[in-house]
Every structure is written in structure tokens, then in C-alpha cells.
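J.: Attaching a single structure in C-alpha cells format; questions to follow.
The values are calculated or read from the model by the stated rules, or taken from the named source; none is laboratory data. Owing to the predicted nature of the structure, the values given are computational and were not obtained by experimental measurement. For neighbour counting, all protein chains shown are included, and Cβ atoms are generated from backbone atoms with ideal geometry for every residue, glycine included.
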């Protein structure tokens, strides 16, 4: 399992310098680490987070937005009618709730549909694994920069450590 | 029919007045007629015209304001937009960016889709903003008050919220001529430094 501070350090090392989002338990350790570093802007809805990140991008930053996959539904219109048509890159770190049927019922439908949903709106995505972590983050950032659109890094449970021990 | 309707200025008149008082400040303009009207009245590279993502104008302006604390950032918003993204009033109120001016043209209707009523006739958005934590909040009905209050907000630390009650008149303005990616690049270049 990857430690949250190592993960955050490597993202910053790769140039991500603006973080916002809405929490999820899978992302809890990463958000705690970002807050310790004083670099996290808490949003109240995922579409708002995407909007804040878009402003930060246009002001010169490399933004990342963290959210639970339920939030993809909330911010879908912002992704399609802002980022995708205005050509604004963004790194989306999306937790994969409902990956299996043992998760809470509210996550089942999005858990099953997420990959297809992203394919349908043509948002590239990659699932983070411990072995390929640096390569995964780099691919997501390179793809986002090259295509000038948001790209999703999917975080399943147990790949990056939750809250600090 | 609102009692003050006969005396209100139009949104386009309010926009023209505001743009005379602005120079090189970044301005994020919400989707619908507001963007078209601003584009027609004065097309500046410091304008970010939105065509979609309704409800997100203030969030975008907030992102700019947080990264550029030495620039005053303005957003031109509408009552329907504010109602849709009302949570952002709370985020702004909590983060309290000093360089953030939120202007809302309140005509109490969704003008772009055919003047269906919003609920801003019974929900005073200025009071919501005040409760959320905006420092300077004003509600104006005519041009003189608009000029006075906006000039004052340009001098003060924010976040500030200026609610302008406007009538439903829509300026005959076409779509924004620039393609969205051009708007992005032009805006980025204009607010550099």
C-alpha cells in the first residue's frame, strides 16, 4: 500500500500545485496530507470544485480535483460544457466506490457504470496500481496536458493508505 | 408584476456602467444573455465568457482569485445561476478572498430560456450572501447607487456582493463570436503576471 504522504509528494513533484475537491473515505489519507501541507481548498460540491480548478488553471496552476465517483454524476455537466469544450486540462482523482457488491447500495450503479460513463463522454482514465503508481500519475498528467482536457485517475480501495496511523 | 419594475434599469445598462469602471480586472461572466451582452458592449480579453456550466461562474472566479491574490477578480452572475450554485456563496464566505467581487444581475427570471420565474423574488440573495460571510453586501435599484457602491467595493477588501435589481429587458446581442478554446487562451494570456 502506498503511503499518503509519499503519494502527495510525488504528485507535487510531478507539478500538481492546486488541490481542491470533496472528500471520500478512500481519499481521506490524501486529503489529510494535503491539509497538513496547507494546499487543499475544500469545495462543497464536485461541480464547484471543477469550477474552482478551472479558474486556478487559467490563473497558471496545474490543478487536481479529488472526489468520490458519485461526484462524477454531480459534475458531469461542468466537465462536458466547461472543461471539454473550453479545452481546460484537470487531473481528476476519483475514488472507486461500488467496485464490488459489498460496498453500500448507493454506490452500486455508479460503481458499475463509471468506466463506461467516462468512455461515453470521452474522458480518458486509468486505474492506479501500487506497482505502476508513478507511471500512472505521469500518464494521467501527460494525457491531460497533451489533449487539454480532464483525465481521471481511479483510486480503488486499499491502493493508497487511508488516514494516517 | 414587481412594484419597482417601471423604475429599474436593464441588465445591459448595468453592465455598461460597470464596464466603464473596470479596466484590466479579470471578469468571469455567467452563461446565457449576460455573456452575450457583455461581449456586445465591450469585448475585452480579460473577459471569460461562459456558454455552459450554469451555476459555476463564481467558482471559476474564486479559483482565479485564490491564485491571483493581488488582482481584483470580478464575476458577473445572475439570480438563476446563484440559486443553482448557491453552495459557492458558502465557500466564498468561508475562504473570504479579499480580492473577490460578486455582481449579481437579479431579474427574477430565467431569461435565456423564456422568462420562467426563479424564486429570487422571495429569497433575497443579498441576505443569503451576508449570512454566508461576504463582508460587503449591497442591493441597488438604480444607476447612481450602482456607481457609488461598485466604486466603493473596488476600494475595499472583500469578499463583496453587489445585487443589482434589473428589469427583464434583453439587449439584442448575438452569440459570443469566439470559440470556447480561444476564450480560454485569450483570458489566460490577459491575466498573466
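Residue by residue, here is whether (1) within 14 Å of chain A (Cβ to nearest Cβ); (2) in a strand (DSSP E or B); (3) at pLDDT below 95; (4) under 18 Å from residue B:104 (Cα atoms) holds:
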site: B:121; (1), (2), (3), (4): no, no, no, yes
site: B:127; (1), (2), (3), (4): no, no, no, yes
site: B:134; (1), (2), (3), (4): no, no, no, yes
site: B:138; (1), (2), (3), (4): no, yes, no, yes
site: B:150; (1), (2), (3), (4): no, no, no, yes
site: B:153; (1), (2), (3), (4): no, no, no, yes
site: B:163; (1), (2), (3), (4): no, yes, no, yes
site: B:171; (1), (2), (3), (4): no, no, yes, yes
site: B:189; (1), (2), (3), (4): yes, no, no, no
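J.: So, one more: Yes or no: segment B:94-115 includes at least one residue that is free of Cβ contacts under 8 Å to residues at least 60 places away in the same chain, surrounded by fewer than 17 Cβ atoms within 10 Å (Cβ to Cβ), outside any helix (DSSP H, G or I) and within 14 Å of chain A (Cβ to nearest Cβ).
T.: No: zero hits.
J.: Got a number for residues in segment A:144-165 being surrounded by fewer than 18 Cβ atoms within 10 Å (Cβ to Cβ) and not in a loop (DSSP other than H, G, I, E, B)?
T.: The qualifying residues number 3.
J.: Any chance segment A:28-44 includes a residue that's over 21 Å from residue A:150 (Cα atoms) and touching a strand residue (DSSP E or B) at 6+ places or on another chain (Cβ under 8 Å)? Please lay out each step first, then the result.
T.: Keep residues of segment A:28-44 that are over 21 Å from residue A:150 (Cα atoms), which gives A:28-29, A:32-33, A:35-38.
Then drop every residue that is not touching a strand residue (DSSP E or B) at 6+ places or on another chain (Cβ under 8 Å), which leaves A:29.
Checked segment A:28-44: at least one residue is over 21 Å from residue A:150 (Cα atoms) and touching a strand residue (DSSP E or B) at 6+ places or on another chain (Cβ under 8 Å).
J.: Return yes or no: is residue A:139 more than 14 Å from residue A:53 (Cβ to Cβ), surrounded by 20 or more Cβ atoms within 10 Å (Cβ to Cβ) and touching a residue at least 12 places away in the same chain (Cβ under 8 Å)? Break it down stepwise before answering.
T.: Numbers: more than 14 Å from residue A:53 (Cβ to Cβ): yes; surrounded by 20 or more Cβ atoms within 10 Å (Cβ to Cβ): no; touching a residue at least 12 places away in the same chain (Cβ under 8 Å): yes.
Taking the combined requirement at face value, the residue does not satisfy it.
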